[in-house]
1. Output the relative contact order of the chain, whole-number percent, from Cα pairs under 8 angstrom with separation of 6+ residues.
2. Give the accessible surface of the chain per residue, rounded to a whole number of Å², with probe radius 1.4 Å and ligands, DNA and RNA excluded.
3. With only Lys, Arg, Asp and Glu charged, each at its Cβ (+1 for the first two, -1 for the last two), find how big the charge dipole of the range 1-127 is about the Cα centre; round to the nearest 20 debye.
4. Lys/Arg Cβ at +1, Asp/Glu Cβ at -1, dipole of the chain taken about the Cα centre: which of His158, Ser480, Gln101 is farthest positive-ward?
5. Using the per-residue mean of other Cβ atoms lying within 10 Å as a proxy for protection, in what order, highest first, do the peptides 63-76, 8-21 fall?
6. Quick check on my link table: of Lys240/Lys327; Lys240/Lys291; Lys438/Lys535; Lys327/Lys535, which ones sit more than 23 Å apart, alpha carbon to alpha carbon?
7. Stokes-Einstein diffusion coefficient for the range 319-458 at 4 °C in a medium of 1.567 mPa s, Rh from the Kirkwood formula over Cα pairs: what value in µm²/s?
8. Using 10 Å bins from zero, what percent of all Cα-Cα pairs in the chain falls into each bin?
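The values are calculated or read from the model by the stated rules, or taken from the named source; none is laboratory data. Computed from a predicted model, the values in this text were never measured in an experiment. In this analysis, Cβ positions are derived from the backbone assuming ideal geometry, glycine residues included, and neighbour counts consider all displayed protein chains. Surface accessibility is based on the protein's heavy atoms, side chains included, excluding ligands, DNA and RNA. Shrake-Rupley method; radii C 1.70, N 1.55, O 1.52, S 1.80 Å.
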Amino acid sequence: MTAAPDLAAAASAVDHAQRTIDAAAKHLADNGGIDANQTVAYDLAHAAAAIENAKATLDYGSRGDVEARIACAFAADALFDLHTRTLGREQAWGIPTTNGQGALDATGHDVIARYRDPDFVAALAGEQGPRHLDGEFEMVQDTFRRFADDRIRPVAEHVHRTNADIPEDVIDGLAELGTFGLSVPEEYGGFSTGGESEYMAMVVATEELARGSLGVGGSLITRPEILTRALVKGGTEEQKQHWLPKLASGEIMAAVAVTEPDFGSDVAGIKVTATPTDEGGNEGWAINGVKTWCTFAARADVLMLLARTDPDRSKGHRGLSLFVVPKPRGAGHGFQFTQGHGGKMEGRAIDTIGYRGMHSYEVAFDNWVVPADNLVGGDAGRGRGFYLQMEGFENGRLQTAARAVGVMQAAYEAAYDYAANRVVFGAPILDYQLTRVKLGRMAVVIQSSRQFMYGVARLLAKGPGATESAPQRDGAMEASMVKAYVCRAAEWVTREALQIHGGMGYAEEFPVSRYFVDARVLSIFEGADETLALKVIARRLLESALSGNGGAVRSS
Ligand SMILES: Cc1cc2nc3c(=O)[nH]c(=O)nc-3n(C[C@H](O)[C@H](O)[C@H](O)COP(=O)(O)OP(=O)(O)OC[C@H]3O[C@@H](n4cnc5c(N)ncnc54)[C@H](O)[C@@H]3O)c2cc1C
C-alpha cells in the first residue's frame, strides 16, 4: 500500500524550499557574490531549476491521479536534491542549523519520506501520464511522431554508425511539413500567428523529431529558428522580406557561426573581424578569422555569423555585428570554397562521439566577402550583433530542452521494452523492484521536464521583448533553467536506460548506446551548463534577491 498523493503538502514544502533558495541568493549576494562562491552558486542555480520544475509539475498534478502521483514523486526528488546539495554546507548557504531541518521544513522531509518510497516510485514504471496538449498541438505531435517513425528512425542507426550526412529526403520531408516555418510570422511566409502557438508547436515538434534521432531530425529546426528570431527582432524590412520566406520553406538552410577556438562561453570576446570593403566594385564586408563548432556548415546555404565590426576591442560585446553569410552547399566532412576575387572559406569536420549527421566544422575565413545588405539591421545593426544573437539563443535553449526530452523519451521506451523481455534469474528484469524504481523515476523526470518545458514555452510567448540595456527578456532565466535541468536529466535517464540493457547497452547495434552519447552533448552546447548556471541563472537569482523579488517567477 503506497501513500496517497497529497498535492497540498508537496506544494507547501516546495514553497518553503523556494524561500530557502531566495534567502540563500540574498546570502550569497551579501557575502561576496557569485565568483567568490561558485560552487554554492552553481548548486543554487540547479536546485532552483529543479524547484521551478516542481512548481510546473504541481500544476499538472491537479489534473488526475497519475498526474498527482508524478507531481508528488517529482517534488520529493527536487526537495531531496536541495537537501543533499546543502547538507554540510549550511553556513555557505546561510541556512540556520538550529532547528535541525536544514534547507527544508518538516513537511519537506515528510514529502521525501512518502514519495521517494521505493514502492511509490516503482508503481509509476510504465505510467508516464497524459501530456494534456490542446487539440491543435496533439495534431502537431501526431504529425511529427509519424514522420520520425517513418522517415527518421529507419535511417538513424546508419547515419550514426557510418558518420554519414542527413539524407536530403529527410530535409525535404520536413520542409514539406512546414517545419522550418513554425516560428516565421505568417506575413513572411511562415506559420506563426504569435501567442502560445509560436513556441508550443516548436517544442512539441522538436521533441518528436529528437525522439527519432537527435542528429538526424531533432536538431534541424534549431538553426533556422535562431536566425529567424534574430531577423524578426533586428532585421530591416527588406531583410525580413528576403530571408524569412526562404527560411520558412526550407529553400535556405542555415548554420550558426558564433563560437571561436578561444571564445566559446565568453562570446563577447570573439576575434573574427568584418571590415568594410569594395572588392570588385561592390560594397560589402570582408570576413577574416576562424570559427569553430559550426554545426551543419557544409550543407547550409547561409551562416549566421557574429563578427567584430569595431576594431576597438575595449568595446567588448558592443563592437559585434551579425551577418547572413551566403555560401555554396557542400557535403561530407570538409569543404573549400573560393570567390572570384580570391576570398576563401574552408571547413574541416570535427569528429564527435555522438550527435552525428549534422557534422560540426572548424571554418576558416580568408577575405570572404559578404554583400553590404547582409549586415542584420543594416547600418543600425552595427554593434547590435550580440544582442540579436542572444534573442535567437534564448529560444535555442528552450528548444534544446525539447531535444533532451525527445532523447529521454526514446531511451525510456527502449529500456522499458528491453526490461519487459529480458529474463534474468528466471524473471523479466521488469519484475524486479530496482528496475521498476529506475523506470518509475525516469517516467517522472520525463513528464515533469516536459511540463516544465510547456510552461516555459507559454511564458516566453507572453513575455515582453528584451531591450538593449537588458538583452535577456522575461522568460530568459526560465529558458536557461529548463535547459540546465532537462539536459542534465537526459544524461541520467540515458545512462540508466543503457544500464538496464546490461552488456547489450554497450553494443552499437542497440540504439540506446546512441541515445547515451547523444545526450552527453546537450549540457555543452547552447550555453555550457556551468556558464548558464553561474552567468544567467545564479546572476538573475541574486539580482532578484537584492531587489526583493525572489521566487516571483512561475513557469506557467
Ligand atoms: C557538438 C557541438 C555542436 C556545436 N554547435 C555549435 C554551433 O552550431 N554554433 C556555434 O557557434 N557553436 C556551437 N558549439 C559550441 C558550443 O556552443 C561551445 O562548445 C560552448 O559554448 C562552450 O564553449 P567552449 O567549448 O569554448 O568551452 P569553454 O568556454 O572553454 O568552457 C570550458 C568549460 O569551462 C566551463 N566554464 C566556462 N566559464 C566558466 C566560469 N566562469 N566558471 C566556471 N566554469 C566555467 C564551461 O562551462 C565548460 O565546462 C557546439 C559545440 C558542440 C560540442
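1. Averaging sequence separation for qualifying contacts and normalising by length gives 19 percent for the chain.
2. Each residue of the chain exposes 38 Å² on average to a 1.4 Å probe.
3. For this selection, approximately 140 debye.
4. Result: Gln101.
5. Ranking, from highest mean packing down: 63-76, 8-21.
6. From the list (Lys240/Lys327; Lys240/Lys291; Lys438/Lys535; Lys327/Lys535), the Cα-Cα distance tops 23 Å for Lys240/Lys291; Lys438/Lys535; Lys327/Lys535.
7. D, rounded to a whole number, is 65 µm²/s.
8. Going from the shortest bin to the longest, the percentages are 4, 18, 28, 26, 16, 7, 2, 0, 0.
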